[in-house]
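My questions all concern the structure below.
Read-outs: derived from the displayed coordinates by stated rules, not from any lab. What you see is a predicted model, and the numbers here were worked out from it, not measured in a lab. Cβ atoms come from the backbone with ideal geometry, glycine included; neighbour counts cover every protein chain shown.
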Amino acid sequence: MLKRSSYIIVCLVALLTLIVLNLPSHAGARVKAGLGSLFLPLLGLAGSAQHLAGATLDRVVPRRELLRQNEALRRENQELRFENMEARTLARENAQLRQLLGWQARQPLKIKLAGVVLRDPSNWWRSIQIDLGSRDGMSTNLAVLSPQGALVGRISSVGLTRSQVLLLGDPNCRVAALVENESRETGVIGASGPTGSRFVEIGFLSKSADLKPGQLVRTSGLGGIFPKDILIGQVVDTQPIEYGFGAVARVKLAANLNALEEVWVVVQQ
Amino acid sequence: MSWVNTVLILGAAFLAVFWEAAFSGLRRLLGAQLDLLPPLMVYAGLCAGLPTITLLAVWGGLCLDSLSASPLGISIAPLFVAGLAVYSSRELVLRDQTLAQVVLGLAAGAGVPLLTLLLLLTTGHKPLLGWGTLWQLAVTSAGSALITPLCFILFDWLRRSLEHAPAPESSFRADREIHRGTGVT
């Protein structure tokens, strides 16, 4: 049997838990942001340690290897410059054609680079924290892309210096998607399971959906959160759901969520 | 001094939560992240008082939830229940035995996530669950079982380093002292 003081402590802990769980969402978010800011000095230390380790490794890399990497980067830079020039030409042509057809001009995405600083320590959520916050113009429901431009998730909460991003595959991150096939099937991207972060499911497909492995899946723009035509991944396989009311397909994500170090935040569409 | 132990435990909880969020090498390898708070709670349950257990549950739970998408405060109760369970039966446990530490770590490593999931589902949240959750629970339990004895080794070393060494016992016994002229008393 416990002492009387122990029962008092148990009641106090239960009361504290109830109070904290029932805090209004904005108050809870502020407390979370405040507690999260306590980890800032450790983030700085971890960053310095990584930088030091990287600098030490750089010193032991042979000169020949450095020259080889330099040459590869120079060649890649030239190829990217050429592709950039072609893309600008295509964009000008696109704008002229849109004008001729009387279509509205397409605004380019305004993006901001952010570093990934922390990941969710729990195993039942998929989220990361980035080093941009409200003072950098962040707000909730901004789309987040990988460095290669594939969809990663959306911002769910914002602090002063950091923001939390819900990744694709998290139960609270749903995306309206479109499959690039003849019938342009639409569906909703959802979680596929707790392990296997490279795969998600696209549900709410019609039972006659003609999906084939390799077909690309992009955002459809419906819902108003995610811009249209952002690459999500490609179809892996399809299976009908119970009683044949529809179908669900497994999608391999274009972005590797486990290896994210930097992301683009779409601050303006 | 027990406050040294309490400060060390709370500091370790802070660092443990940061490690879980900042380093994901094990997650990529095993498919699940280890939780270091249950082994710490087992140590606190066996070697510290109820106030320390309470502080660890509240501080560790709030720190963990602040870096996670979990609602704030959801991790407090499971940690406290684990600590209270160990504390209430500490008189029956051979706390210096490695096997006891491993078994308690295993139980805490499984019980705390299960209780947390139960609370999440009860409060209307939808965590990511599936058959893979069983594998994740197995990984966290096994990890907790292995880390718990290490906690004891580490904290015992820290306490020896930071606290006064216990006074050596002498062989003098007052009831066996010989008084001259009166014989043994």
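Go over the candidates B:PRO51, B:PRO71, B:PRO39 one by one and state the one that is closer than 22 Å to B:ARG159 by Cβ and either assigned to a loop (DSSP other than H, G, I, E, B) or out of contact with any Leu (no Cβ under 9 Å at 6 or more places or on another chain) (or both).
Testing whether each residue is closer than 22 Å to B:ARG159 by Cβ and either assigned to a loop (DSSP other than H, G, I, E, B) or out of contact with any Leu (no Cβ under 9 Å at 6 or more places or on another chain) (or both) leaves just B:PRO51.
Sticking with this one: Of all residues in the stretch B:19-36, which are assigned to a helix (DSSP H, G or I), touching a strand residue (DSSP E or B) at 6+ places or on another chain (Cβ under 8 Å) and either in contact (Cβ under 8 Å) with a residue 24 or more places away in the chain or within 7 Å of chain A (Cβ to nearest Cβ) (or both)?
Within the stretch B:19-36, B:ALA21, B:ALA22 qualify.
With respect to A:ASN123, is the statement that it is within 14 Å of chain B (Cβ to nearest Cβ), part of a loop (DSSP other than H, G, I, E, B), over 11 Å from the mean Cα position of the chain (by Cα) and surrounded by 21 or more Cβ atoms within 10 Å (Cβ to Cβ) true?
Against the criterion (within 14 Å of chain B (Cβ to nearest Cβ), part of a loop (DSSP other than H, G, I, E, B), over 11 Å from the mean Cα position of the chain (by Cα) and surrounded by 21 or more Cβ atoms within 10 Å (Cβ to Cβ)), A:ASN123 qualifies.
Determine which member of the set A:ALA14, A:ALA46, A:ALA29 is under 25 Å from A:GLN129 (Cβ atoms), surrounded by 13 or more Cβ atoms within 10 Å (Cβ to Cβ) and facing another protein chain (nearest Cβ under 8 Å).
Being under 25 Å from A:GLN129 (Cβ atoms), surrounded by 13 or more Cβ atoms within 10 Å (Cβ to Cβ) and facing another protein chain (nearest Cβ under 8 Å) holds for just one of A:ALA14, A:ALA46, A:ALA29, which is A:ALA46.
Can you tell which of B:ALA12, B:ALA16, B:ALA44 is within 22 Å of A:ALA14 (Cα to Cα) and within 14 Å of chain A (Cβ to nearest Cβ)?
B:ALA44
Kindly establish whether A:ALA177 is of a type in the set (A, V, I, L, M, F, W, C) and farther than 30 Å from A:LYS112 by Cβ.
So A:ALA177 does not fit the description; no.
Continuing with this model, one more query. Every residue in the stretch A:185-212 that is closer than 30 Å to B:LEU137 by Cβ, without any contact (Cβ under 8 Å) to a residue 60 or more places away in the chain and either part of a strand (DSSP E or B) or of a type in the set (Ser, Thr, Tyr) (or both), please.
Answer for the stretch A:185-212, where residues must be closer than 30 Å to B:LEU137 by Cβ, without any contact (Cβ under 8 Å) to a residue 60 or more places away in the chain and either part of a strand (DSSP E or B) or of a type in the set (Ser, Thr, Tyr) (or both): A:VAL188, A:GLY190, A:SER192, A:THR195, A:PHE199, A:VAL200, A:GLU201, A:ILE202, A:GLY203.
While we're here: Any residue at all in the stretch B:101-113 that is surrounded by fewer than 18 Cβ atoms within 10 Å (Cβ to Cβ), over 21 Å from A:ALA27 (Cβ atoms) and either within 10 Å of chain A (Cβ to nearest Cβ) or among the hydroxyl-bearing types (Ser, Thr, Tyr) (or both)?
Checked against the condition, which is being surrounded by fewer than 18 Cβ atoms within 10 Å (Cβ to Cβ), over 21 Å from A:ALA27 (Cβ atoms) and either within 10 Å of chain A (Cβ to nearest Cβ) or among the hydroxyl-bearing types (Ser, Thr, Tyr) (or both), the stretch B:101-113 yields no hits at all.
Return the pair list, or none, for Cβ contacts closer than 8 Å from residues in the stretch B:74-89 that are closer than 27 Å to A:TRP125 by Cα to residues that are part of a helix (DSSP H, G or I) and of a type in the set (Asp, Glu), at least 6 apart or on different chains.
B:ILE74/B:ASP65; B:SER75/B:ASP65
In the stretch A:157-164, is there at least one residue being in a loop (DSSP other than H, G, I, E, B) and out of contact with any helix residue (DSSP H, G or I) (no Cβ under 8 Å at 6 or more places or on another chain)?
no
Going by the conditions given, is A:LEU101 free of Cβ contacts under 8 Å to residues at least 60 places away in the same chain and hydrophobic (A, V, I, L, M, F, W, C)?
Judged against the criteria, A:LEU101 is a match.
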